[in-house]
């Protein structure tokens, strides 16, 4: 399908609503949405964890990471533990990473019960604290990642047919898959990319197929775009490159969220801090850069989608200061195509076409066969070379 670069003008005066200031620095923090809350779990400048209540617009302290745990670009994911007593906690969080190579790794787990519900006081005594991840079969501590692995700026997803697989992408160009039921790695492989991947976008694409044993993920970092398909039955990985729009090719450390068929990217760091907002439509393979920008430049901003998918929350530190900010925007304003005037600005279409042809030719290697290209793409090559 033809891919073009587009620029949309949002017909709204100020889509960003500033909320109550954060009690901690949100640099390199990890957030997990849960009902009317989202949980803010540490960061490069703090070990403290808080719950933010989206209706009350208030924060409440949960706990702190152990003082000996250094987190800088760590991962926190919802963990579905099929062996645990679900009556004791609402959700379970798994935290790991944040250390570079040849550093002691942490792997911790938290059974979380809402700190906003006073009726949970008895249960809270056994929850809401980070504890070692233990193998219930032999009481051994489980550590995710080897001593040599660089897990600073790693990203992780829990997926699989039974939510039992942990997919980890980490520097410089690695992907590992672990089975959380057996607590064993089942695959390590190099990613077919040119640049290092760190502080990147890594999402699990919604599986609409009847075969739940096939998983698809998308990864974006700087000029790298990658579709990653994992087949549980055969334990195989398949990679396909995705074109990245020109204005995002130098960026990493952006906030991002995935909703429906779209990924929204907020800001990023590309030699200087960016205030740009982009949308990638997965099915159409189409990029949009909005004319609307972030109201302030944010360092290492984090985006989190509320569990009811009505608002996107954006957290960050204002560039050049130590002041943190928390904003939210209505999802509808960024998803709808009608109902407001839009101005479209197309990127140089020839450049887009040539970049996509180059991706196709790269994936044909070592069995290059130009006959597999569509006729219109062969014409583009001919016109570019001879006209």
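Please treat every number below as a calculation from the coordinates, not as lab data. This is a predicted model, so every value here is computed, not measured. Positions of Cβ are generated from backbone atoms using ideal geometry, with glycine treated the same way; all protein chains shown enter the neighbour counts.
Some observations on this one:
- Inter-part distance where the range 253-285 and the range 169-217 are each reduced to a Cα centre, Å: 20
- Between residue 67 and residue 126, full extension at 0.36 nm per residue minus the direct alpha carbon distance yields a gain of 19.3 nm.
- Computed extension length for residue 142-residue 188: 14.8 nm, one decimal, from 0.36 nm per residue of separation with the Cα-Cα distance subtracted.
- A simple spin-label model places pseudo-atoms 7 Å from Cα toward Cβ; at residue 80 and residue 323 they are separated by 4.4 nm.
- Expressed per residue, the C-alpha convex hull volume of the range 12-341 stands at 148 Å³.
- Global form of the range 219-343, assessed from the alpha-carbon gyration tensor, a/c cut-off 1.5: prolate
- Scoring 54-65, 31-42 by mean Cβ neighbours within 10 Å over their residues and listing the highest first yields 31-42, 54-65.
- Taking a point 7 Å out from the Cα of residue 210 in the direction of its Cβ, the residues of the range 220-241 whose backbone N falls within less than 20 Å of it are 231-234.
- Three-way shape label, the range 31-81, alpha-carbon gyration tensor, a/c 1.5: oblate
- The packing ranking of peptides 327-335, 183-191, highest mean first, is 327-335, 183-191, where packing means the average number of other beta carbon atoms within 10 angstrom of each residue.
- In plain terms, the residue of 224, 182, 29, 107 with the fewest other Cβ atoms within 10 Å comes first and the most crowded comes last, giving 182, 107, 224, 29.
- Remark: the residue 134-residue 179 segment gains 14.7 nm on full extension, using 0.36 nm per residue and subtracting the alpha carbon distance.
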